[in-house]
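J.: Dropping a structure here in C-alpha cells format, bear with me for questions.
Every number in this text was worked out from the coordinates using simple rules, so none of it is lab data. What you are looking at is a predicted structure, and each value in this text was computed from that prediction instead of being measured. Note that we place each Cβ from the backbone using ideal geometry, even for glycine, and neighbour counts take in every protein chain shown.
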Amino acid sequence: MRLIFFTLLALIIAAGVGVGATWMTATRGTDFGTLTIGAWTARPRAGTAEIDPYARASIARSGELPIGAGDGIAFIATADDAKRPLDGRCDIEVSGVTPPARFWTLTLYDPRGTLVANNLERYGFTSQEILRTADGAFRIRVAARSRAGNWLPTGGVERYMLVLRLYDTPVGVATRTQRDAPMPSIATMGCP
C-alpha cells in the first residue's frame, strides 16, 4: 500500500513539474534560436520549417502568424537599451536607422499583443511615412502626450512592446551583431 502511495505521489509531482515547465516556456518563450541586437529580439527561424518546438508552442498559444523567412523578420522590444521596461507614462525615443529593407513597420502593442488604444488611432509608422533627417536617420517619440514630429501615443498604458517588422531584408539567421544589422536605439527620456 505504501509503495502504491509513493508511486502515485511521484507521478503527480512529475506531472505537475512537466505541465508547469511547459506552461512557462509556452507563455514566456525561450532563448533558443533568438537573435538579440541591443534592446531588440527576433526569432529568425519562426517562419521556417526549422522552428524549435518551444517557439512553435508559443506561436500556437498566441495565435500569431510569423513572417516567413523569405519575406522578412520581426524584432520585438519590451525594454529600452538600459534594460528598463517600456512604460507608457514615460517619454521614450526610438532613434537611428534600420537595417536594409525594402519596407518596414514599427507598431505599438500591449503585452497581450493587441494594439494600444488611443484617441488618434495611430498605432505605428511605416518606412514610407516617417520623417527623417538629411542622413536618413529618424527619431520617434513614444509618449502619452502629444510631441512634435514622429509621435506614437501610448494612451498612458503601464507596459507595452514595440515590434519592428523588416520586409525583404538580408537580416536573418546569419545576422549576429549591430554591425550586421544596425538597429534603432531605444532610450527613456523622462518619466513624470
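J.: In nm, give the distance between the simple-model label positions of Ala15 and Glu158, each being 7 Å from the Cα along the Cα-to-Cβ direction.
T.: Those two pseudo-labels are separated by 3.5 nm.
J.: Here's another thing I want to ask about it. Contour minus end-to-end for Ser185 and Thr126, with contour as 0.36 nm per residue of separation and end-to-end as the Cα-Cα distance?
T.: Roughly 19.5 nm would be gained on extension.
J.: A further question on this structure: Need the full-extension length gain, Ile4 to Asp168, defined as separation in residues times 0.36 nm minus the C-alpha distance. One decimal, nm.
T.: The Ile4-Asp168 span can extend by a further 53.1 nm.
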